[in-house]
Amino acid sequence: MKLQQLRYIWEVSKNNLNVSATAETIYTSQPGISKQIRILEDELGIPIFIRNGKHLTDMTPAGKKIIAIAGEMLMQVENIKNIAKEFRDESKGQLSIATTHTQARYALPPVIKSFMQDLPEVSLDIQQGTPVQISEMVSQGKVDIAIATEAIELFDNLIMLPCYSWGRCILVPKGHELAKEQQVSLAKVAKYPLITYVFGFTGRSKLDDAFNAENLKPDVALTAVDADVIKTYVRLGLGVGIVARMAYDEKIDDDLVALDASHLFAESITKIGIRKDTFLRGYMYEFINKFAPHLSKESIDMAMQLKEQSAIDALFSEVELPHY
């Protein structure tokens with residue numbers, strides 16, 4: 001059994017069982033991958049994949065378990081490489097982050113700027129996606145860190161570190177009837193078409209919970225993953241916007257009115273997700289601490305040693321998080 005063979009079956013499983021696509025991804029030949037998979041299956045004495053002619057159609061029950069272990073082994077190989085790099089030079093390397101548009105656009109810029117100034121020899125790779133997509137990326141070891149509000153808790157091989165809490169605001173054009181209200185009610189908001197995040201994005205579940213609690217069925221006229229898109233359609237008069245408070249800029253968005261919604265919707269907490277078996281290099285601690293100053297190296301290490309998320313939550317239960 002060779003490490004290369006384990007890498008091949010792992011990559012094939014992540015490329016929808018498409019051997020050609022896998023070959024392009026890892027810069028090798030399709031026949032070479034197929035041959036090595038066959039050799040591995042012959043050595044194990046069982047099939048890893050189900051075939052229809054030359055095409056792979058599914059993983060066998062045993063294959064699913066073997067591939068899962070192969071993924072863990074490959075992650076440990078990366079950890080070995082990272083340990084070696086750490087002891088060679090703590091200030092050089094690559095940090096990959098998966099996050100949502102709101103985090104990348106509004107929360108991360110000052111952190112990224114400071115990090116790049118302090119550690120110019122660390123290259124950054126930022127990928128955007130849905131909360132489920134970015135959680136999958138870190139769960140599968142494709143990125144080092146996930147930053148999101150939703151979905152990270154769906155993956156039991158991740159730990160979640162609380163970063164900051166944030167609230168929402170209601171956006172309307174100047175002159176809108178709601179702008180005259182001293183304190184807008186949820187019932188009045190529900191009378192207008194709403195423009196907000198796609199379900200599963202940026203704490204959208206908190207919005208649905210609030211309307212459901214008052215037996216209101218709002219008319220969600222338009223959804224988007226991007227707060228800037230939401231603001232664009234609010235400006236067109238197509239509805240009332242509900243966005244993260246941090247997404248409103250008094251100077252840039254001076255044609256819109258931001259109404260406080262802290263009394264309408266529960267606050268959300270943005271978290272960092274990390275694989276439990278990740279070896280954290282020095283610059284990774286540095287980035288996390290810049291993003292969430294209460295997350296020291298000592299507290300992160302303590303959280304990484306805990307097995308249950310409930311214990312990690314208890315560890316930070318007394319911490320007063322920054323608010324946006």
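The values are calculated or read from the model by the stated rules, or taken from the named source; none is laboratory data. For clarity, every value in this text was computed on a predicted model and none was experimentally measured. In this analysis, Cβ positions are derived from the backbone assuming ideal geometry, glycine residues included, and neighbour counts consider all displayed protein chains. Just so you know, the surface numbers come from the protein's heavy atoms only, side chains and all, with ligands and any DNA or RNA stripped out. Shrake-Rupley method; radii C 1.70, N 1.55, O 1.52, S 1.80 Å.
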Can you tell me which residues in the stretch 1-20 are of a type in the set (A, V, I, L, M) and surrounded by 15 or more Cβ atoms within 10 Å (Cβ to Cβ)?
L6, I9, V12, L17, V19
For the stretch 157-175, does any single residue satisfy the condition of being buried (at least 18 other Cβ atoms within 10 Å of the Cβ) and in a helix (DSSP H, G or I)?
no
Tell me the residue from V257, V240, V225 that is among the β-branched types (V, I, T), in contact with a helix residue (DSSP H, G or I) (Cβ under 7 Å, 6 or more places away or on another chain), surrounded by fewer than 21 Cβ atoms within 10 Å (Cβ to Cβ) and closer than 17 Å to L178 by Cα, please.
V257
Could you grab me the full set of residues in the stretch 99-141 that are in contact with a Phe, Trp or Tyr (Cβ under 8 Å, 6 or more places away or on another chain), open to solvent by less than 40 Å² (accessible area, probe 1.4 Å) and in a strand (DSSP E or B)?
V122
In this structure, does K231 turn out to be assigned to a helix (DSSP H, G or I) and surrounded by 18 or more Cβ atoms within 10 Å (Cβ to Cβ)?
yes
Determine whether the stretch 279-291 contains at least one residue that is charged (D, E, K, R), at pLDDT below 95 and open to solvent by less than 60 Å² (accessible area, probe 1.4 Å).
yes
List the pairs whose first member sits in the stretch 1-20 and is farther than 15 Å from Q140 by Cα, whose second member is open to solvent by 70 Å² or more (accessible area, probe 1.4 Å), and whose Cβ atoms are under 6 Å apart, counting only residues at least 6 apart or on separate chains?
V19/Q30; S20/Q30
Is it true that A311 is buried (at least 19 other Cβ atoms within 10 Å of the Cβ), out of contact with any Lys or Arg (no Cβ under 7 Å at 6 or more places or on another chain) and of a type in the set (G, A, S)?
no
